[in-house]
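Novice: Before anything else, here's the structure in question.
The values are calculated or read from the model by the stated rules, or taken from the named source; none is laboratory data. As the structure is a prediction and not an experimental result, all values here were calculated from the model. Don't worry about glycine lacking a Cβ; one is built from the backbone with ideal geometry, like all the others, and counts go over all protein chains shown. What goes into the accessible areas is simple: the full protein's heavy atoms, side chains included, and nothing from ligands, DNA or RNA. Shrake-Rupley method; radii C 1.70, N 1.55, O 1.52, S 1.80 Å.
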Amino acid sequence: MNASTPQLPATNWTFTQRLSSTRRGARLARLLVVEQLRVWPVSPDVADRAVAIIAELSANAALHGRVPGRDFRLGLVLDDAAETLRIEVTDTRGERQPTLQPTAPPPDRETGRGLLLVDALADRWGTEPHHPVAKTVWAELDSRPGCRSVP
């Protein structure tokens, strides 16, 4: 007789929040994610990278994706089966697609490095249309290495 160890089903952890398309909304997105990831089973490395990515994508949503009176949406999904943390930021400017510049801007320029940072920190990232007039910029982080257990 073969006895097998029972396996717990994989869990998806989700978090979604609408935030104002302002600097304050972008800052609040970062702060909310810091607290949310503190209670999820992700390693500190994954959490730190996620917070930096969310800071950049939320700032971009507030600066480049802003339509007065419309919010942006932040979404997180931690998929235990795929061992992936997916970050999604949806704004209401679907016609303005982000593009990664092939080279970094000059050192004296204060902007233009956000997507370079996202590209460096994320395992994968991209955009998707969000009909009828919005877009979602997403990033995925593999959560396998050093994943801590649920408290």
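Novice: Mind listing whichever residues of segment 58-99 are assigned to a helix (DSSP H, G or I) and open to solvent by less than 10 Å² (accessible area, probe 1.4 Å)? Give the derivation first.
Specialist: In the first step, residues of segment 58-99 are kept if they are assigned to a helix (DSSP H, G or I); the result is 58-63.
Selection gives SER58, ALA61.
Novice: Can you name the number of the only condition in (1) among the aliphatic types (A, V, I, L, M); (2) under 16 Å from the mean Cα position of the chain (by Cα); (3) open to solvent by 40 Å² or more (accessible area, probe 1.4 Å) that LEU37 fails?
Specialist: Evaluating LEU37 over (1) among the aliphatic types (A, V, I, L, M); (2) under 16 Å from the mean Cα position of the chain (by Cα); (3) open to solvent by 40 Å² or more (accessible area, probe 1.4 Å) leaves (3) as the failure.
Novice: Of everything in segment 124-137, what is open to solvent by less than 70 Å² (accessible area, probe 1.4 Å) and not basic (Lys, Arg)? Give them in sequence order. Write out each step before concluding.
Specialist: Of the residues in segment 124-137, the ones open to solvent by less than 70 Å² (accessible area, probe 1.4 Å) are 125-127, 134-137.
Result: TRP125, GLY126, THR127, ALA134, THR136, VAL137.
Novice: Could you list all residues from segment 40-56 that are at pLDDT 95 or above, open to solvent by less than 10 Å² (accessible area, probe 1.4 Å) and of a type outside the set (Val, Ile, Thr)?
Specialist: Within segment 40-56, just ALA50 meets the criteria.
Novice: Need pairs with beta-carbon distance below 8 Å; first residue more than 11 Å from ARG27 (Cα to Cα) and among the basic types (Lys, Arg) and within segment 46-62, second open to solvent by 30 Å² or more (accessible area, probe 1.4 Å) and in a helix (DSSP H, G or I); sequence gap 6+ or separate chains.
Specialist: ARG49/LEU121
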